[in-house]
1. Name the residues in segment A:16-37 that are of a type in the set (G, A, S) and within 12 Å of chain B (Cβ to nearest Cβ), would you?
2. Got at least one residue in segment A:7-19 being over 22 Å from the mean Cα position of the chain (by Cα), aliphatic (A, V, I, L, M) and farther than 30 Å from A:V123 by Cα?
3. Please count how many residues of segment B:71-102 are more than 27 Å from the chain's Cα centre (by Cα) and at the interface with another protein chain (Cβ under 10 Å from one of its Cβ atoms).
4. Of the conditions (1) farther than 26 Å from A:R74 by Cα; (2) touching a strand residue (DSSP E or B) at 6+ places or on another chain (Cβ under 8 Å); (3) of a type outside the set (A, V, I, L, M), A:K187 satisfies every one except a single condition; which number is it?
5. Which residues, counting only those in segment B:78-102, are out of contact with any Leu (no Cβ under 9 Å at 6 or more places or on another chain), touching a residue at least 12 places away in the same chain (Cβ under 8 Å) and assigned to a helix (DSSP H, G or I)?
6. Against the condition modelled with pLDDT under 95, within 7 Å of chain A (Cβ to nearest Cβ) and outside any helix (DSSP H, G or I), how does B:K14 come out, does it pass?
7. Could you check, for segment B:20-39, whether at least one of its residues is out of contact with any Asp or Glu (no Cβ under 7 Å at 6 or more places or on another chain), of a type in the set (S, T, Y) and part of a loop (DSSP other than H, G, I, E, B)?
Amino acid sequence: MEPIVETFESRKKHMCIKGEGLSIPVCDKASLPGTVTQRTCVYGGARIILMPITDSIHLVHGPIGCAACTWDIRGSKSSREDLYKKGCSTDLGEKDIVFGGEKKLYETVIELHRLYNPGAVFVYATCVAGVIGDDIKAVCKKSEEVTGCRVIPVQSEGFQNHNKTKGHWIGCDALLDHVIGTKEPEKTTPFDINVVGEFNVAGDFWGFKPLLEEMGVNIISTITGDSHVDEIAQAHRAKLNIVQCQKSSNYLVKKMEKKYGIPSIKVNFFGLEQTVNSLREIADFFGDPEMIERTEKIIEKGLQEVEHKTDEYRERLNGKTVALYVGGNKAWSLVRAFEELGMDVMMSGTKNGIREDYERIKEAVRDGTIIVDDASSTELARLLKKYRPNLLISGAKEKYISLKLGIPFCDFNHDRISAFAGFKGFVSFAKEVDASVSSPVFDLNSTSLRGD
Amino acid sequence: MYHDKKFSVVNPSKMCQPMGAVQALLGLKNAMPLIHGSQGCSTYMRFQLTRHFREPIEVASTSMNEKTVIYGGEYNLMKALKNITEKQSPSIIAVASSCLTETIGDDMAGIIRKFEDANIDRELPVIVPISTPSYTESHVEGYNRTIKALVENLVIPTAPNGKVNVITGFLSPADVGEVKNILNDLKLEGIILTDISKNLDAPLSESALNLYDGGTTVEQLEDTANSTGTIALSKHADSAGVFLEKKFGVNLISGPLPLGLENTDSFIRSACQLADLEIPESMERDRGRLMDAMVDAHSYNYHRKVAIFGDPDFVSAMTRFTSEMGMIPTVVCTGARSKRFTEDIDTISREKGCSPVTLAGGDLYDMHREIKRVRADILIGNSYGASIALEENIPLFRAGFPIFDRLGAQRISTLGYRGGIDFVDRLTNTILDFYYDEAGYEIVEEELEDVIIEDQEYAEEEM
């Protein structure tokens, strides 16, 4: 049988076609050394979970590079503080590597607390902090006692695992162990919820927050988009967790269910149909007739507001193909939204997927869809060249691979510029997809100067 | 709100050594850069570089994980070399270490030798180890060490070639291109270390996804020992030049970076002196045009206060250039703790009669604090300066790395007379846009304040 694309023998089973034998690719394996992996480290995984907490200082305990390359890159918006955007580092030097960095870490935490009086200081362990054996937990405890401010250790040594999913879990653990359940809400209602796995990238959360409020649910906390640490501290009193990014945050809601008995619902606010379903499911969970009625009205109004607003785009996008190559969640949560635009998802893949993620992709896509795990940049380029989708959805590192091949691209990651969630978000989504797919610049390549 | 601080870095103005290594390696032809470390190192560096240059950036990783950290990285490094050799067949693999692999004590040179010995019967790429521990110095030193490692490992002294080695430091592709243009004008053959001019400003074509077919070649690196001299445009990247001078008697001229009139004069003189050439008359025309541009612009720039941040040689050269234009540098900041930088600024200050606050090893927090104290009318630096400029209500003139919130970072041109002309025009236009009204009149301070007060009142009414 012809391979999906030419690659290393050991990599061939990381790609499959739904409906043809293997429907779930081999996944969650170490990347091959020497390839240009699109994956990142465990520290990166933990950081993207926690970084959107806006009133906190995110202090990277390591040499300067770990902070210098990653500060203020989350694309996560805030309606209040901007402390989370600061790039803070202990800037470990040679002496610290030899004699240990604990003292410097302590002094740095104390100093940052004096400068900013933050809601919390999250201290991230990097590779070197782990290798030299700094006891970050002890330093955090001590500086918390001295400052009276939450100082939270995040044990995210970068090398711990090939899969940054482990980093997501470590970020979630930091919240479970040190934040959630440490403060009681002033008032509770029967309709208290947490919005979990929503990072407010480009303001996505604001696309469906008003809908939830209008329904009559009370949002205790968002974990973690546009949040304050004190809000997350009260999350244990919610009656329901709704989970948007299930890739990063299923772990957290499962643990919260076990520890606090909070049930959860998987939601998806990308696309009209999914938004409608999600709102209904939340209302059904509470079973309050008035809420159910209100929700139907919200849905009716929401759909009415956007009716015909995407017609123009759909006309141009109809029948076009799209390839998804993302961190995890969007590999399944965007499929229906694209189908609503009349587009066909012909490939879906993730960099860090685990088996349960691929199960979800398999459920979401049609037969014949290529499913890819941990494609290196070479493999991705080969896939794009061979199957030539009309659009690639991926992140910054993949953008110019796609564009150089003349394949339109949309950034759905940190560098996204408009909010896509909710009813109105769907119109922005359609508009942005159209702006990529239908632009005449992609036809330029078929012209030539010397007319051959 | 802004205080002195001693321990923390807040909003860094430097990156780590392996980043400098990658910056240098992207100027090699048919090469594969490899970082021996965790996956995040190569991935986050690629992220920063790709959003700056708007080009695909390929850097391989040895993908270290918990097991290999405990037992040492030999297995992963050997495997990486094998995979790259077999699948990419580059002419050169350059391996930069990271904080992780330096700390666990991997002997990269030893592992590479072992790999070469095990494959003695096969044709292998040239493999160069580069020690770039992230916990010392900054990306500037990483760049320096990389050029040195490449030269040290590859030089083959044969016969004089009459060429001049030029170590550029990390410049924009446009600026490196201008270095080549100048050498061309002087009819002088150069070996550019390293030449990113084509690699990082590539046409729309699939071939951009292959290993670079432009850039400095292995043969050119071998040939550096035979050159007439070396000019390090960046003083902080001159170690390869020092090596070539000591070992092979190749004369070295270190700095300054040719930005502005005086520094460009000095570069042209150095190049001609090394190659024993008369300065051609044709140079005078562009030089005259730069002076003309500076005269045309003077009334808008005179005594404008400027704050500058970025790599040390860029900042010191820009300090001199803006002084030549009649501006007053008030805060100059680099992330590298460099004595050479402070010495340079002292010299410029004496010559030009200015006294900027000098931060060597400073971060953007420190710089912002000093701007609040001594003021600036314009800020020159990378995109990370945008929030400071916004808060201080001054324009940001984007130059340096990274620039991710505007297009064209590859084409920012500041070097030589011609780049200088471009810079003077664009800087002055930025000032015109910000401080002058649509009819060309200067907006007086009171008016500016009025606008702000009106805005506030408006905002209050809104509330």
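1. Scanning segment A:16-37 gives A:A30, A:S31, A:G34.
2. yes
3. Matching residues across segment B:71-102 total 15.
4. Of the numbered conditions (1) farther than 26 Å from A:R74 by Cα; (2) touching a strand residue (DSSP E or B) at 6+ places or on another chain (Cβ under 8 Å); (3) of a type outside the set (A, V, I, L, M), the odd one out for A:K187 is (2).
5. Result: B:M78, B:K82, B:L100, B:E102.
6. So B:K14 fails the test.
7. yes
Rundown of residues vs (1) in the same structural domain as B:V140 (by TED's automatic domain parsing); (2) of a type outside the set (A, V, I, L, M, F, W, C); (3) within 17 Å of B:L261 (Cβ to Cβ), yes/no style:
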residue: B:D296; (1), (2), (3): no, yes, yes
residue: B:F309; (1), (2), (3): no, no, no
residue: B:F314; (1), (2), (3): no, no, yes
residue: B:G326; (1), (2), (3): no, yes, yes
residue: B:G335; (1), (2), (3): no, yes, no
residue: B:D363; (1), (2), (3): no, yes, no
residue: B:D366; (1), (2), (3): no, yes, no
residue: B:R369; (1), (2), (3): no, yes, no
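The values are calculated or read from the model by the stated rules, or taken from the named source; none is laboratory data. As the structure is a computational prediction, the values presented were derived from the model and not from experiment. Backbone-built Cβ (ideal geometry, glycine too); neighbour counts: all protein chains shown.
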